[in-house]
Amino acid sequence: SPYAIALCPLVFQESLDMCARENEFKNIWFALCYFHAAVAERRKFGPQGWNRSYPFNTGDLTISINVLYNYLDANLKVPYDDLRYLFGEIMYGGHITDDWDRRLCRIYLEEFIKPEMMEGELFLAPGFPLPGNMDYNSYHQLILKISVSLCLYGKPTVP
């Protein structure tokens, strides 16, 4: 997806390393980027994607990443419910006015951001597991490979 590739310039190795809880930060960060790509891509499908047009943008992702960093820094346990609420009802949800669209946003976040992600048991899509703790270049290469497989085969394949 072009949106997934466009996300890469928002983060550099230094920002991936800024959080002391590196594993939690990178896993949730990647899932959040995937979520952002999904909600942005749905706009292409008009009323079949979202019931209304919403102005989701990279600013929503950037501020969500900052909130993620602050919450992980301030809490001993990952506050999954709090993070999903903040992302789904405030950061992205602040744009959403339709109840069905809000429900869809909430369900995406319930599927993408949950405790199982730290156990290596989370698939963001069929055949696409959450990649885990990597460096910036590895994430970038993974996104490029997935984008190519989507173009060629219509589904993500992770080597």
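The values are calculated or read from the model by the stated rules, or taken from the named source; none is laboratory data. Note that this is a predicted model, so its numbers are computed, not measured. Areas reflect the complete protein model, heavy atoms only, side chains present, ligands, DNA and RNA absent. Shrake-Rupley method; radii C 1.70, N 1.55, O 1.52, S 1.80 Å.
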**Report entry** Whole-percent carbon and sulfur share, accessible surface of segment 31-88, 1.4 Å
**Finding:** 52
Query - Phi-based couplings in Hz for segment 41-52 (Karplus 6.51, -1.76, 1.60; Gly and Pro marked x) - result: 5, 4, 4, 4, 9, x, x, 7, x, 9, 5, 9
Query raised in the report: Around LEU124, which amide H atoms from residues at least 5 apart in sequence, or from another chain, sit under 5 Å from its own amide H, with H modelled in the peptide plane?
Result: LEU130
